[in-house]
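Asker: Okay, here's the structure, questions in a sec.
The values are calculated or read from the model by the stated rules, or taken from the named source; none is laboratory data. Predicted model, so just to flag it, every value in this text is computed and none were measured. Ideal geometry is used to build each Cβ from the backbone, glycine not excepted, and the neighbour counts take in all protein chains shown.
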């Protein structure tokens, strides 16, 4: 899967969980601007862990502020 495909899949997941149209969640849109709070971020992390087979630590979630950063972190953990 390419970086762009991963970002698209993650964008769609984030949009679905945040109950937003996918078009409103760009790769660099800050999660806070999309109305994603810490509880929703944890829910997103659980879904991403299942989807991508990675494990996030609490500190990881605090460092991720956008879909692009989330995709980058997934790639790092898959390496």
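Asker: In segment 16-25, which residues are surrounded by 15 or more Cβ atoms within 10 Å (Cβ to Cβ) and assigned to a helix (DSSP H, G or I)?
Answerer: 17, 18
Asker: Something else now. Let me confirm something: among 60, 12, which residue is surrounded by 13 or more Cβ atoms within 10 Å (Cβ to Cβ) and at pLDDT 95 or above? Don't jump to the end; show me each part of the working.
Answerer: Working: 60 fails: at pLDDT 95 or above.
The match here is 12.
Asker: So residue 54 fits all but one of (1) within 16 Å of residue 73 (Cβ to Cβ); (2) assigned to a helix (DSSP H, G or I); what number is the exception?
Answerer: Only one criterion is unmet by residue 54, namely (2).
Asker: Right, here's the next one. Pick from 13, 6, 61, 40: which is in contact (Cβ under 8 Å) with a residue 40 or more places away in the chain and in a helix (DSSP H, G or I)?
Answerer: Within the list 13, 6, 61, 40, the selection yields 6.
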